[in-house]
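Chemist: Please find one structure pasted underneath; my questions will follow.
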Amino acid sequence: MTPDTHARACIFCRIGRGEIEAHVIHEEDEILAFLDIGPIRPGHVQIIAREHYPYFEDLPGPLAARIMALAQKIARAQKQIYGVPRVAFMFTGGDVAHAHAHLVPMVQGDDVTSRRYIVEQTVTYRPIPTPPPADMAATAAQLRAALAKVS
């Protein structure tokens, strides 16, 4: 698959182009923040570059800095809304080969953890539920309103 073909098929590129609906929290010319459809916790947000970069180390430095600045602002809004002391921030690319950042309000210390810390040899997983669209829309509206008030 050529890079151009991959970008056309990439789910995050399609969200960035508006071909797939998302519960958008914030958008700019080069970046887009929206709710994760399988949230670890309510308010779990993803930030993507609209242009296709497979991995975070491929992002131009100024673009990565813009994502980080927006993430800090969203984290402050998440802390206000969810009353949590911290928000996890991770650049990933394992599930979708498109650089994206996750922001997860940390309710429990193991909300985001490494397999290295799990003792059991066999770990079972359940499918991550997708909240109903009305709940997602309400969460997105709440985050947008809080985001407008933080600096």
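The values are calculated or read from the model by the stated rules, or taken from the named source; none is laboratory data. Remember, it's a predicted structure, so these values are computed and weren't measured experimentally. Using ideal geometry, Cβ is built from the backbone for each residue, glycine included, and neighbour counts are taken over all protein chains shown.
Chemist: Here are the criteria: (1) more than 28 Å from PRO129 (Cβ to Cβ); (2) assigned to a strand (DSSP E or B). Tell me which single one ARG8 does not satisfy.
Modeler: ARG8 satisfies all of (1) more than 28 Å from PRO129 (Cβ to Cβ); (2) assigned to a strand (DSSP E or B) except (2).
Chemist: Here are the criteria: (1) in a helix (DSSP H, G or I); (2) of a type in the set (D, E, K, R); (3) exposed (fewer than 11 other Cβ atoms within 10 Å of the Cβ). Tell me which single one ARG76 does not satisfy.
Modeler: The failed condition is (3).
Chemist: Follow-up. So which residues in the stretch 124-139 are within 21 Å of GLN78 (Cβ to Cβ) and part of a loop (DSSP other than H, G, I, E, B)?
Modeler: ILE128, PRO129, THR130, PRO131, PRO132
Chemist: Here are some conditions: (1) surrounded by fewer than 18 Cβ atoms within 10 Å (Cβ to Cβ); (2) touching a strand residue (DSSP E or B) at 6+ places or on another chain (Cβ under 8 Å); (3) farther than 28 Å from TYR125 by Cα. THR92 meets all but one. Which one does it not meet?
Modeler: The number of the failed condition is (3).
Chemist: Report, ordered by the first and then the second residue, all pairs with beta carbons closer than 6 Å, sequence separation of six or more or different chains, a first member in the stretch 1-22 that is farther than 24 Å from ALA138 by Cβ, and a second member that is modelled with pLDDT of 75 or more.
Modeler: Here the result reads ALA7/CYS13; ALA7/HIS52; CYS10/HIS52; CYS10/HIS98; CYS13/HIS52; ARG14/ILE20, each pair linking the stretch 1-22 to a residue that is modelled with pLDDT of 75 or more.
Chemist: Please list, ordered by first then second residue, the pairs with beta carbon atoms under 7 Å, 6 or more apart or interchain, first in the stretch 119-136 and of a type in the set (A, V, I, L, M), second in a loop (DSSP other than H, G, I, E, B) and surrounded by 10 or more Cβ atoms within 10 Å (Cβ to Cβ).
Modeler: Going by the 7 Å Cβ cut-off, the qualifying pairs are ILE128/GLY38; MET136/HIS23.
Chemist: Say whether the condition of being over 13 Å from HIS100 (Cβ atoms) and aromatic (Phe, Trp, Tyr) is met by at least one residue in the stretch 34-57.
Modeler: Taking every residue of the stretch 34-57 in turn, none turns out to be over 13 Å from HIS100 (Cβ atoms) and aromatic (Phe, Trp, Tyr).
Chemist: Further question: Quick check on my filter: what residues within the stretch 20-66 are in contact with a Gly (Cβ under 8 Å, 6 or more places away or on another chain) and surrounded by fewer than 15 Cβ atoms within 10 Å (Cβ to Cβ)?
Modeler: The one that is in contact with a Gly (Cβ under 8 Å, 6 or more places away or on another chain) and surrounded by fewer than 15 Cβ atoms within 10 Å (Cβ to Cβ): TYR55.
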